[in-house]
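Single-structure report; data block below.
Computed from the coordinates by the stated procedures, all read-outs in this text should not be read as laboratory data. Small disclaimer: the values here were computed from a predicted structure and weren't measured. Virtual Cβ from ideal backbone geometry, glycine too; neighbours counted across all protein chains shown.
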């Protein structure tokens, strides 16, 4: 199945499987088996991040599946992300090396700046004052990016990109970048379809990677009564007509738009079901219908640092 997976070609010639498995909120005790299961099922794209706190367990799964001959390293596409407390240029290389050590890898296929806003260095991952307010750093993401660029030439990463950047921040980054980001990984689903940001990014040769494509149903800050995307009657109606699950329709929606998509689960049956999206396509009418559900319904607002000068979702159009 893995060989049939459509690939997205970045502007630099590197290719990424259009469907991957996410590891956000996957507990250390569960994620090793989940990633092993995913690789056995056919996934070759694994999305990680230092802040998830489970990179070592993900690395154990990758090592095991390479050791038993299921895959070779070059068959896999591994992404990780630079956390906010390591934006200072002198910390970037060490943060990457820690991730490589955790994952037991010599290189990453893709390394992203996780968020544009920097937090205070040399302490906890979520540094806070006595009142619980996040402590910020003055580091500019443009300078962080300049420290990311040499990692490519050194062979430590094949591609570099960004996550949660808005259009103005991307435009500003491109003014000085010598290597363009290959992708912008952002929340993307029918309630927040990111059409304008997608058009902007693609006009600069930057792909979109969709996280929370299923509406992040297990997000810890969800309030009672908030809509659940996978229970939306309109999504269910499309799924019933096609003989598919709502999750499969939501994943296929991103694939048919040309977006890389990284649903997450630690349940083997769901991991397998989420992969079973290659035997159908949505019609143009279905995609347009699902597009119409957009209501700027952001489910991952990162409110803890909303007053940071580089917060991406405040006072911007897209």
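For residue 281 and residue 129 in one chain, what is 0.36 nm times their gap in residues minus the Cα-Cα distance, to one decimal in nm?
Going from the current span to full extension adds 49.7 nm.
Taking every pair of distinct Cα atoms and averaging 1/r, then inverting, what Kirkwood hydrodynamic radius in Å comes out for the stretch 238-278?
Evaluated on the stretch 238-278, it is 10.5 Å.
Could you work out how far apart the two model spin labels at residue 231 and residue 98 are, taking each label as a point 7 Å from the Cα in the direction of the beta carbon, and quote it in nm?
3.9 nm
How much length is gained if the chain between residue 302 and residue 195 is pulled fully straight, taking 0.36 nm per residue apart and subtracting their Cα-Cα distance, in nm to one decimal? Provide the component values of the computation, followed by the final result.
Numbers: separation 107, 0.36 × 107 = 38.52 nm, distance 2.06 nm.
Length difference between fully extended and current span is 36.5 nm.
Compute the projected area of the convex hull of the Cα atoms of the stretch 160-277, averaged over all viewing directions, and report it in nm² to one decimal place.
8.5 nm²
Which value at 222 nm does the chain reach when only helices count, each DSSP H run of 4 or more adding -39,500 (n - 2.57), with the total divided by all residues and rounded to the nearest 500 deg cm²/dmol?
Mean residue ellipticity, 222 nm, calculated: -10500 deg cm²/dmol.
Of the listed peptides 9-17, 142-150, 218-226, what is their order by residue-averaged count of other C-beta atoms within 10 Å, with the highest listed first?
Highest to lowest by the protection proxy: 142-150, 9-17, 218-226.
Taking R0 as 30 Å, what FRET efficiency do you get between residue 56 and residue 292 from their Cβ-Cβ distance, rounded to the nearest 0.05?
Numbers: r = 43 Å, r/R0 = 1.43.
Efficiency, from the Cβ-Cβ distance: 0.10.
Go ahead and set up a Gaussian network model of the chain, Cα springs under 10 Å, then flag whichever of 98, 194, 254 fluctuates most.
98
Residue 203 to residue 4: FRET efficiency via 1/(1 + (r/R0)^6), r the Cβ-Cβ distance, R0 25 Å, to the nearest 0.05?
The computed FRET efficiency comes out at 0.25.
Kirkwood Rh and Cα-based Rg: tell me the resulting Rg over Rh for the chain, rounded to two decimals.
0.94
Report for the chain the percent antiparallel among DSSP-assigned beta bridges with both residues inside it, nearest 5.
Among the beta bridges of the chain, antiparallel pairing accounts for roughly 20 percent.
Ranked highest first by the average count of other Cβ atoms within 10 Å around their residues, in what order do 262-269, 210-217 fall?
210-217, 262-269
In a Gaussian network model over the chain where Cα atoms closer than 10 Å are linked, find which of 103, 278, 82 has the largest mean-square fluctuation.
For the chain, modelled as a Gaussian network with Cα springs under 10 Å, the answer is 278.
Ranked highest first by average number of other Cβ atoms within 10 Å, how do 86-94, 24-32, 183-191, 61-69 line up? Before the final figure, lay out the partial values.
Numbers: 86-94: 18.3, 24-32: 16.8, 183-191: 24.0, 61-69: 14.9.
So the peptides 86-94, 24-32, 183-191, 61-69, ranked by packing, come out 183-191, 86-94, 24-32, 61-69.
Just want the ordering: 207, 245, from fewest to most Cβ atoms lying within 10 Å of their own Cβ.
Least crowded to most crowded, the residues run 245, 207.
Considering only 196, 172, 241, give the residue with the highest GNM mean-square fluctuation for the chain, with springs between Cα atoms whenever their separation is below 10 Å.
241
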